[in-house]
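This is the structure, below, for whatever I ask next.
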Amino acid sequence: MLERIESTSERNKMADLDKLIGSNGVPTHWYNIVPDMPKAPAIPLHPATHQPVTPKDLEPMFPPSLIEQESSKEQLIAIPEEVRDILSMWRPTPLRRARRLEQALGTPAKIFFKYEGVSPAGSHKSNTAVPQAYFNKQAGLKRLATESGAGQWGTSLAHAGGMYGLDVAVYMVRSSVAQKPYRKVAMEMWGANVYPSPSDMTNAGRAELGVDPDCPGSLGIAISEAVEDATSRSDTNYALGSVMNHVLLHQSVIGLEARQQMQDMKEYPDVVIACCGGGSNFGGIAFPFLHDKFKEGKNVRAIAVEPTSCPTLTKGEFRYDLGDVAGLTPLLMMYTLGHSFMPSQLHAGGLRYHGVSPLVSQLYNEGLIEAKALSQLAVFEAARMFAHHEGIIPAPESAHAVKAAIDMALSCKDTEKPMTILFCLSGHGFFDLGSYADMLAGDLTDATFSADKMEESLGKLPSVQVRWE
């Protein structure tokens, strides 16, 4: 089961999160924001009974350790040494100052970025793929099923599963398979089986194809297929790359490292920025800094950036919704566009999700974090500028954070106090060169958003009384 810090006094002494960094620079513990939140998120509900979800309800999908992490109120949870050993293959990840970008912008702002693209799979998703594979292996599972949007999560879990000798089935959104075919190849190189979703492998997939044989798919549909796969086999569990509490917990290594690295530079951010789909990358870098805001009174802003074509935080509603289309997942209190909402096809497929983490949603609802929506064309132009000056081609998802950081740096040109900006460059864009080829050829357009379709989707949600702890 979970390894914990046993001493209550040690557990509650959180002023020095940097003391959680080991001698090799890799955090020794994960940071859980739940005990520090002014108001905890609402209780997840069973999709059929609308009663609070119990650990037993989750047993068909997750191993005991992850179920315990999901509802944990512990501030610090020890990272098993076997997990730290694999994470140390690429962690700590670099924190860099974008000096050439600053010069090109003519801004007095300092721009720092935490680069997660150095992981084997090329993104931050490996930070949770490794522990999820580890805990499932410890529980005796032989196989994992999952969904993937842009493919970053699928490649990460394929790699992690291979490290622990687990078979992996990935239901990848069909439109993303077409846009990013080499993500599929990478998954297969690590031994995973990849099924374009909706597929004919599951009842959920066949139902969607029956309605629309050319359905481009969505994360909601892919989740339904992966959950159905996992719950129909005794040797298989479900693994997911965002939204849930335990996923954001694992991603806290990003912010813990960044906090220590900035301290070593004698710097501290005025604003922390990350792209936001399900919320894992945003929570990973922002939550340790939000601890400072809640417990030490630091005046730090945290901005979640999403696409205008899938504006979950900025246009969605805060209410209970399912995480998938088929209704197999718990009801979560979150900002949502409705689980049946089908976002426009966009190249930042990892941000093409109808809902957002309940932790992120609760913080946004209370005005403790900010959100911003950006258009595809503007984001890709920012990616080109960043690549030109800093040498790294960002993933389209990560480019949302790049654009927001550029806008923030330009906004403080005439201010007396220069701003210090930190953003998470959550992955590289080498698998996304086809998307950038479209931009360079002038074939890229802005993806659209339909408010009418959102309202139609939201109209199908159940009317459920909110259950707070």
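The values are calculated or read from the model by the stated rules, or taken from the named source; none is laboratory data. Since this is a predicted model, take the numbers as computed values, not measurements. Neighbour counts are summed over all protein chains in view; Cβ atoms, including those assigned to glycine, are modelled from backbone coordinates with ideal geometry.
Tell me which of these residue 440 doesn't satisfy, since it passes every other one: (1) more than 24 Å from the chain's Cα centre (by Cα); (2) closer than 30 Å to residue 39 by Cα.
Status for residue 440: all satisfied but (2).
Another one. Take the conditions surrounded by fewer than 23 Cβ atoms within 10 Å (Cβ to Cβ) and part of a loop (DSSP other than H, G, I, E, B) and apply them to residue 233. Does it pass? Steps first, please.
Values: surrounded by fewer than 23 Cβ atoms within 10 Å (Cβ to Cβ): yes; part of a loop (DSSP other than H, G, I, E, B): yes.
Here the answer is yes, as residue 233 does meet what is asked.
Tally the residues that are part of a helix (DSSP H, G or I) and either farther than 24 Å from residue 341 by Cβ or among the hydrophobic types (A, V, I, L, M, F, W, C) (or both), restricting the search to the range 236-252.
Applying the first criterion (part of a helix (DSSP H, G or I)) to the range 236-252 yields 245-252.
Those still in the list that are either farther than 24 Å from residue 341 by Cβ or among the hydrophobic types (A, V, I, L, M, F, W, C) (or both) too: 246-252.
Here the count works out to 7.
Can you find even one residue in the range 338-361 that is over 19 Å from the mean Cα position of the chain (by Cα), among the hydrophobic types (A, V, I, L, M, F, W, C), under 27 Å from residue 114 (Cβ atoms) and in a loop (DSSP other than H, G, I, E, B)?
no
Now for a different question. Just to check your reading of the model, which residue among 66, 144, 101 is closer than 30 Å to residue 344 by Cα and either acidic (Asp, Glu) or not in a loop (DSSP other than H, G, I, E, B) (or both)?
Values: 66 fails: closer than 30 Å to residue 344 by Cα; 101 fails: closer than 30 Å to residue 344 by Cα.
None of the other options fit; the residue is 144.
Now a separate question. Restricting the search to the range 204-230, which residues are free of Cβ contacts under 8 Å to residues at least 40 places away in the same chain and either under 19 Å from residue 329 (Cα atoms) or not in a helix (DSSP H, G or I) (or both)? Outline the logic, then answer.
Restricting attention to the range 204-230, the residues satisfying the condition of being free of Cβ contacts under 8 Å to residues at least 40 places away in the same chain are 205-206, 209-214.
Within the range 204-230, 205, 206, 212, 213, 214 qualify.
Ok, one more. So how many residues does the range 270-301 have that are in a loop (DSSP other than H, G, I, E, B), surrounded by fewer than 24 Cβ atoms within 10 Å (Cβ to Cβ) and touching a strand residue (DSSP E or B) at 6+ places or on another chain (Cβ under 8 Å)? Lay out the reasoning, then the answer.
Going residue by residue through the range 270-301, those that are in a loop (DSSP other than H, G, I, E, B) are 270, 276-279, 297-300.
Next, from what is left, pick out any that are surrounded by fewer than 24 Cβ atoms within 10 Å (Cβ to Cβ): 270, 297-300.
This time we only want the ones that are touching a strand residue (DSSP E or B) at 6+ places or on another chain (Cβ under 8 Å), so: 270, 300.
Here the count works out to 2.
Now a separate question. Could you give every pair whose Cβ atoms fall below 8 Å, whose first residue belongs to the range 42-55 and is assigned to a loop (DSSP other than H, G, I, E, B), and whose second residue is basic (Lys, Arg), counting only separations of at least 6 or pairs across chains?
42/467; 43/467
Rundown of residues vs (1) out of contact with any Asp or Glu (no Cβ under 8 Å at 6 or more places or on another chain); (2) surrounded by fewer than 17 Cβ atoms within 10 Å (Cβ to Cβ); (3) small (Gly, Ala, Ser), yes/no style:
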| residue | (1), (2), (3) |
| --- | --- |
| 74 | yes, no, no |
| 86 | yes, no, no |
| 92 | no, no, no |
| 100 | no, yes, no |
| 106 | yes, yes, yes |
| 109 | no, no, yes |
| 115 | yes, no, no |
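Oh, and also: Would you check which residues across the range 165-176 are at pLDDT 90 or above, buried (at least 22 other Cβ atoms within 10 Å of the Cβ) and not in a strand (DSSP E or B) and list them? Outline the logic, then answer.
Looking only at the range 165-176, we keep the residues that are at pLDDT 90 or above, and these are 165-174.
Going one step further and asking which of them are buried (at least 22 other Cβ atoms within 10 Å of the Cβ), we end up with 166, 168-174.
Answer for the range 165-176, where residues must be at pLDDT 90 or above, buried (at least 22 other Cβ atoms within 10 Å of the Cβ) and not in a strand (DSSP E or B): 166, 174.
A quick yes/no check of all residues on (1) surrounded by 15 or more Cβ atoms within 10 Å (Cβ to Cβ); (2) modelled with pLDDT of 95 or more:
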| position | (1), (2) |
| --- | --- |
| 412 | yes, no |
| 424 | yes, yes |
| 451 | no, no |
| 465 | no, no |
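Yes or no: the range 315-332 includes at least one residue that is under 29 Å from residue 409 (Cβ atoms) and either modelled with pLDDT of 95 or more or part of a strand (DSSP E or B) (or both). Write out each step before concluding.
Initially, the range 315-332 is screened for residues under 29 Å from residue 409 (Cβ atoms), giving 315-316.
Among the residues that remain, those that are also either modelled with pLDDT of 95 or more or part of a strand (DSSP E or B) (or both) are: 315-316.
Yes, there is a match, as at least one residue in the range 315-332 is under 29 Å from residue 409 (Cβ atoms) and either modelled with pLDDT of 95 or more or part of a strand (DSSP E or B) (or both).
Going through 407, 452, 414 one at a time, which residue ends up being without any contact (Cβ under 8 Å) to a residue 40 or more places away in the chain and under 22 Å from residue 115 (Cα atoms)? It would help to see each step written out before you state the result.
Values: 452 fails: under 22 Å from residue 115 (Cα atoms); 414 fails: under 22 Å from residue 115 (Cα atoms).
Just one listed residue meets the conditions, 407.
So, one more: Report, ordered by the first and then the second residue, all pairs with beta carbons closer than 8 Å, sequence separation of six or more or different chains, a first member in the range 57-83 that is touching a residue at least 60 places away in the same chain (Cβ under 8 Å), and a second member that is small (Gly, Ala, Ser) and assigned to a loop (DSSP other than H, G, I, E, B).
Every condition considered, the pairs that remain are 63/139; 64/139; 65/139.
Please go through the range 187-206 and pick out each residue that is among the aliphatic types (A, V, I, L, M) and either at pLDDT below 95 or in contact with a Phe, Trp or Tyr (Cβ under 7 Å, 6 or more places away or on another chain) (or both). Explain how you work it out, then say what you get.
Start the filter on the range 187-206 by keeping residues that are among the aliphatic types (A, V, I, L, M), which leaves 187, 189, 192, 194, 201, 204.
The answer is 201, 204.
Take residue 330 and decide whether it is under 17 Å from the mean Cα position of the chain (by Cα) and on the phi < 0 side of the Ramachandran plot.
Numbers: under 17 Å from the mean Cα position of the chain (by Cα): no; on the phi < 0 side of the Ramachandran plot: yes.
When the stated conditions are applied, residue 330 does not pass them.
Is it fair to say residue 418 is within 16 Å of residue 272 (Cα to Cα) and in a loop (DSSP other than H, G, I, E, B)?
yes
Let me spell it out: the conditions are (1) part of a helix (DSSP H, G or I); (2) modelled with pLDDT under 95; (3) not β-branched (Val, Ile, Thr), and residue 261 meets all of them except one. Which number is the exception?
Only one criterion is unmet by residue 261, namely (2).
Same structure again: Test residue 287 against the criterion of being among the aromatic types (Phe, Trp, Tyr), out of contact with any Lys or Arg (no Cβ under 8 Å at 6 or more places or on another chain) and within 24 Å of residue 428 (Cβ to Cβ), and give yes or no.
Details: among the aromatic types (Phe, Trp, Tyr): yes; out of contact with any Lys or Arg (no Cβ under 8 Å at 6 or more places or on another chain): yes; within 24 Å of residue 428 (Cβ to Cβ): yes.
Yes, satisfied.
Results for (1) surrounded by 24 or more Cβ atoms within 10 Å (Cβ to Cβ); (2) assigned to a helix (DSSP H, G or I); (3) of a type in the set (Val, Ile, Thr); (4) touching a residue at least 60 places away in the same chain (Cβ under 8 Å), shown as yes or no for each residue.
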residue: 127; (1), (2), (3), (4): yes, yes, no, yes
residue: 132; (1), (2), (3), (4): yes, yes, no, yes
residue: 187; (1), (2), (3), (4): yes, yes, no, no
residue: 191; (1), (2), (3), (4): no, no, no, no
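Since residue 34 meets every condition but one in (1) at pLDDT 95 or above; (2) closer than 30 Å to residue 387 by Cα, which condition does it not meet?
Only one criterion is unmet by residue 34, namely (2).
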